[in-house]
Amino acid sequence: MIAGLLGQLDVDRFAVYAQDYGAPTQNGNGYTDGFVKAFWDGLFAYAENPTPENEASLREALTLELTRWQYLNGVADPSLVSPDS
């Protein structure tokens, strides 16, 4: 899909940086089962209706504290998680 788009745009030189939430670029979740409702509801609300009120809850999801939680929640030994992550 990406190669097709780049071909249509006549792009022959590029770099790709892919960041996602636990799924390869072409194999992301097509479902919401198992998503943590308290975390994702604000993100979905902003995507559906990008108001200042919805942006506030989106920004809460992007704090350092919640980002650390995403990486460390449920990890038996947090010292094994790379600080580069």
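The values are calculated or read from the model by the stated rules, or taken from the named source; none is laboratory data. Only a predicted model underlies this, so the values are computations on that prediction, with no experimental measurement involved. Here Cβ is always computed from backbone atoms with ideal geometry, including for glycine, and neighbour counts include all displayed protein chains. Remember, those area values only see protein heavy atoms, side chains included, never the ligands or the DNA or RNA. Shrake-Rupley method; radii C 1.70, N 1.55, O 1.52, S 1.80 Å.
Looking at the range 53-62 only, could you name the residues that are open to solvent by 100 Å² or more (accessible area, probe 1.4 Å) and assigned to a helix (DSSP H, G or I)? Selection gives E53, R59, E60.
The set of residues in the range 47-57 being at pLDDT 85 or above and within 23 Å of Y31 (Cβ to Cβ) consists of A47, E48, N49, N54. Every listed requirement among (1) among the aromatic types (F, W, Y); (2) open to solvent by 60 Å² or more (accessible area, probe 1.4 Å); (3) at pLDDT below 85 is met by F44 save one, (3).
If you filter the range 18-41 down to residues that are open to solvent by 60 Å² or more (accessible area, probe 1.4 Å) and part of a helix (DSSP H, G or I), you find that the one that is modelled with the lowest pLDDT is A38. Among the residues of the range 63-85, those identified as hydrophobic (A, V, I, L, M, F, W, C) and either loosely packed, with under 10 Cβ neighbours inside 10 Å or not in a loop (DSSP other than H, G, I, E, B) (or both) are L64, L66, W69, L72, A76, L80.
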